[in-house]
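What follows is calculated from the coordinates using simple rules that are stated; it is not laboratory data. Just so we're clear, the structure is a prediction, and the values are computed from it rather than from any experiment. Glycine gets a Cβ as well: all are built from the backbone with ideal geometry, and neighbour counts include every protein chain shown.
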Amino acid sequence: MSPSVRLQEMIRVIRSARTQGEERGIIQRECADIRAQFRQGDNGERSHSLAKLLYVHMLGYPAHFGQMECVRLIASPRYNEKRMGYLGAMMLLDEKQDASLLITNSIKNDLSHSSQYVQSLALCTLACMGSAEMCRDLAPEIERLLRASNSYIKKKATLCAVHIIRKVPELAELFIPAARSLLSEKNHGVLHGAVVLITELCARNPDTLDQFRKAVPELVQIMKGLVTSSYSPEHNVAGISDPFLQVRILRLLRILGHNNDTASDAMNDLLAQVATNTDSSKTAGSAVLYETVLTIMDINSESGLRVLAVNILGRFLLNNDRNIRYISMTSLQKIVQTDHNAVQRHRGTIVDCLKDQDTSVKRRALDLSLALVSAVNIRSMMKELLIFLSTCPLELRSQTASGIFNAAERYSPSKRWHIDTILHVLTTAGGDVRDETVPNLIQLITTASELHCYTVHKLYRALVKDISQQSLVQVACWCIGEYGDLLLKGECEEIEPVQVTEDDVLEALETVLQSHMSSPATRGFALTATMKLSTRITDNVDRIRSIVSIYGSCIDLELQQRAVEYNALFKKYDHMRAAVLERMPVMDKNSPGHTNGDTSGEIKEPDPSKPKPVEAGLLSEPASQVCDLLDLLGGTDTPLQPKPAPTITPTTTSSADLLDLLGGLEPIPVPTVTVYEKNGLSLKTQCDKQTETDVTVTLIASNSTQSDITNFTLQAAVPKSVQLQMKAPSGNVIPAHGLGQVTQTVLLNNPNKVSLKMRIRVSYSHQGAVHQDTVQIDSFPSLGWNCQPSINPL
Amino acid sequence: MVNKQGQTRLSKYYEQVELGKRAALEADMVRGCLARRKEECSFVEYKDYKLVYRQYAALFIVVGITENENELSIYELVHNFVEVLDKYFSRVGLTLQLQVVMFKSEKR
């Protein structure tokens with residue numbers, strides 16, 4: 001049996017294996033065969049065995065024992081074996097294997113071989129798996145081959161050069177002159193390779209960009225030739241002459257024209273011509289048009305051209321082919337920031353794409369729709385988005401919900417509409433919204449005081465219908481607690497009146513309390529609401545007392561604590577109950593990191609409103625009485641805070657909240673550390689904000705000498721992987737006697753999470769003399785509430 | 001290239017990926033592509049790459065590309081590639097086909 005048949009036979013046998021185990025058995029037998037073959041030494045069968053081994057490797061089985069055989073085969077004079085050896089090298093060897101070093105010499109010899117096929121084999125292998133040392137050794141050879149007369153070799157050599165540049169960027173200068181001359185080739189293969197090479201060169205080094213900008217006219221010529229040429233059978237793909245080369249050239253033009261006016265001007269005509277002449281009925285044409293659009297958007301093109309580009313994208317949107325719709329939306333997403341109006345024209349089509357079958361298309365359409373929302377079209381867009389929310393796939397729900405909230409916040413035409421929208425979202429997708437939606441919504445409701453009646457009615461109805469959506473239930477409970485009296489009054493201009501009795505309300509709240517669907521946070525809300533109602537309603541106070549006392553022995557600590565405190569309010573502090581449970585004042589909208597700052601915000605608000613002094617007074621008195629029960633949380637000011645309940649209940653919040661509960665109502669002052677003190681000039685650092693990868697540090701300089709310090713400048717240096725951004729200093733004169741300070745904020749971005757070090761050089765003039773000094777700050781803590789850099793003055 | 005059952009028929013890596021990780025990576029990608037229905041488009045977002053896939057009878061060809069590559073042109077390239085293989089396949093034996101596959105992939 002001739003060996004090549006055996007390869008095919010082996011493949012047939014493997015594919016006929018019915019189970020994975022059977023296949024593994026066959027493969028093992030074959031591998032044993034192959035290994036025996038290799039050990040036998042030189043006969044005509046080696047290449048065939050290697051071929052079989054490579055097939056086995058493609059299927060995913062280990063084939064490392066073939067590596068030495070590859071090396072041997074490469075060195076063989078026979079073309080068959082050489083070819084198989086190189087193929088094996090490309091598949092089995094990579095720079096981590098030791099055997100790869102052994103073939104360097106063979107490659108070197110083969111690069112100067114008389115047969116072009118052998119040369120090309122060597123070039124391909126080098127381009128595929130050449131390590132940095134191999135590349136460095138052989139780069140001059142490659143450069144020589146770039147000037148060879150044979151276009152077959154030139155093509156391979158250019159691709160090899162691309163690989164070399166990727167591996168060893170310093171060798172780039174070697175190839176620049178050759179690359180330039182290659183642009184005048186006729187052969188498309190070589191041209192394509194040359195364009196790739198130039199793209200790679202420009203990407204690595206911005207200086208080469210300037211050099212190659214001079215080649216723009218040449219590139220424009222080539223493109224023109226391609227676009228206007230008649231049918232050329234060897235390069236034709238679906239009616240377009242070599243679309244792959246066209247796309248490559250367009251991409252290179254994009255890189256060259258980016259941020260450069262002269263180059264962009266030279267390209268304008270060409271781009272217009274390509275855009276109008278290319279036939280987009282087939283995908284190949286659309287690919288070229290797409291690349292043209294991307295290029296137009298990226299360079300400094302004139303506005304007519306940009307409009308043309310957006311129109312092309314709009315045409316794509318109406319195309320039947322899903323792929324084309326998808327990419328047009330992707331590119332519209334990129335340009336919606338800059339050319340907002342142009343994209344608005346296609347809003348209708350984009351919104352229709354929300355209903356498409358494909359998830360990727362839907363996701364893109366969602367992103368675009370959210371970007372296109374503006375004050376003008378908010379109502380209609382919101383309608384569409386809400387319909388989308390009810391039908392959209394699960395993975396897009398939370399994104400849609402948060403997008404809707406953002407849009408509603410920015411552009412809502414009226415408070416009532418805003419509240420309606422949020423309620424709608426909560427009823428449809430309450431489980432997928434983020435946690436801070438609840439306090440945000442509550443804050444919004446408190447500000448819309450004329451709508452309290454309306455809101456509470458709506459929420460009550462929603463609550464009665466369905467108590468499974470936690471966020472909705474939480475908001476509803478809070479509102480019923482606050483505005484229960486409005487609910488019970490029964491009348492409201494905007495909804496048909498429904499008579500709600502106190503029993504109904506308490507019934508609803510009790511259901512929430514007892515339902516197994518309610519989370520502990522929700523139960524907390526419900527309990528507090530029940531308590532608040534004790535001052536708002538008149539008849540069923542006893543019922544409330546009994547509910548509250550039942551939960552005094554609840555297993556859940558939070559509920560138990562609340563129940564006990566409320567009980568205390570009923571018994572010992574009944575006289576204070578009314579004051580404690582009064583309506584909450586309107587909350588300030590603080591930044592997201594400050595959800596619990598609401599607590600402190602209220603106490604510190606400058607305009608005094610009645611509950612506050614009462615609150616502050618109350619806190620100290622009963623605190624001592626109930627503190628034996630409060631050792632659980634340790635803080636003595638945690639009790640008797642039914643008002644800020646909504647901000648404390650989400651116990652899933654960050655450590656910031658917990659620390660606030662423990663440490664009191666004042667925010668912890670951020671410590672400053674002195675890093676440098678000499679000659680009366682002292683430099684302090686203060687860490688303001690910290691996340692996993694970003695640190696914001698403020699440097700404060702002050703002067704305790706008799707005379708001013710002028711021309712004060714700071715320079716900072718950080719380790720390589722850290723990015724440093726220094727904001728403008730507050731000034732460069734530090735007044736004497738510590739009367740003033742100069743501050744400068746520094747932003748550090750530390751994506752690799754290396755240990756942060758910073759070296760700061762200060763230079764200033766003092767009493768006529770110029771001083772300079774350097775300080776090194778050695779470590780900032782990677783995590784932690786307190787920021788204490790350790791210092792090492794040089 | 002994978003078949004309908006998800007078995008890899010051919011894989012080509014342009015960056016170094018360890019052998020052990022390759023199988024897991026391929027399985028993951030393929031799972032994403034095979035699960036797509038006919039009406040869905042051929043571009044999938046996967047981690048920080050994009051996958052362009054095309055189905056030819058029982059064979060799926062999946063290409064992973066970076067963010068700034070033109071997806072449509074890769075789509076066309078895949079088709080071109082298959083056409084070329086088609087022309088060769090009918091005439092030459094299997095061993096040479098492997099060669100052709102390798103050499104064609106070089107030309108990105």
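With each label modelled as a point 7 angstrom along the Cα→C-beta vector, the A:Thr693-A:Ser76 pair spans 5.1 nm. Would any residue of region A:121-152 have its amide N under 11 Å from a label point 7 Å out along Cα→Cβ of A:Ser181? List them or say none. Counting backbone N atoms under 11 Å from the label point, the list is A:144-149.
Shown here for region B:51-93: GluC sites (Glu not before Pro) in loop regions (DSSP other than H, G, I, E, B) with at most 12 other Cβ atoms within 10 Å, namely B:Glu67.
The modelled label-to-label distance between A:Phe65 and A:Ala36, using points 7 Å beyond Cα along the C-beta direction, is 1.2 nm. Straight-line cross-link reach from B:Lys38 at under 17 Å between alpha-carbon atoms covers these lysines, not counting any fewer than eight positions away in the same chain: A:Lys355, A:Lys362, B:Lys4.
Placing R0 at 60 angstrom, the Cβ-Cβ distance between A:Gln560 and A:His113 gives a FRET efficiency of 0.10 after rounding to 0.05. Remark: for residue pairs A:Lys52/B:Lys50; A:Lys282/A:Lys334; A:Lys186/B:Lys50; A:Lys155/B:Lys12, the C-alpha separation exceeds 31 Å in A:Lys52/B:Lys50; A:Lys186/B:Lys50. Spin-label pair A:Thr427-A:Arg136: with each label point 7 Å from Cα along the Cα-Cβ axis, the two points sit 7.2 nm from one another. Measuring between their Cα centroids, region A:674-751 and region B:1-35 lie 52 Å from each other. Can you figure out the FRET efficiency of A:Asp352 with B:Leu10, using R₀ = 41 Å and their beta-carbon distance, to the nearest 0.05? The pair A:Asp352/B:Leu10 has a calculated efficiency of 0.55.
Per-residue Cβ neighbour counts within 10 Å put A:Arg248, A:Arg136, A:Arg397, A:Arg29 in the sequence A:Arg29, A:Arg136, A:Arg397, A:Arg248, beginning with the fewest. Entry note, region A:74-194: relative contact order of 20 percent, from Cα contacts under 8 Å with a spacing of 6+ residues.
Could you compute the FRET efficiency for A:Glu218 and A:Glu302, with r as their C-beta to C-beta distance and R0 at 25 Å, rounded to 0.05? Plugging the Cβ-Cβ distance into 1/(1 + (r/R0)^6) gives 0.65.
Potential lengthening of the chain between A:Lys167 and A:Leu739 amounts to 200.2 nm, from the contour at 0.36 nm per residue minus the alpha-carbon distance.
Peptide B:63-75 shows a mean partner chain C-beta count of 5 within 10 Å per residue C-beta. For the segment A:351-358, counting C-beta atoms of other chains within 10 Å of every residue's C-beta and taking the mean gives 2. Loop-located chymotrypsin sites (Phe, Trp or Tyr not before Pro) across region A:496-578 with a Cβ neighbour count of 10 or fewer within 10 Å are lacking, with loop assigned by DSSP.
Counting only lysines at least 8 places from A:Lys415 when in the same chain, those with an alpha carbon closer than 20 Å to its own are A:Lys383, A:Lys458, A:Lys589.
Computed over region A:714-755, relative contact order equals 45 percent, with contacts defined as Cα pairs under 8 Å that lie 6+ residues apart.
Within region B:58-78, list the residues whose amide N lies under 17 Å from a label point set 7 Å along Cα→Cβ of A:Gln399. Within reach of a label on A:Gln399: B:67.
Rounded to the nearest 10 degrees, the inclination of helix A:322-335 to the longest alpha-carbon principal axis of chain A is 70 degrees.
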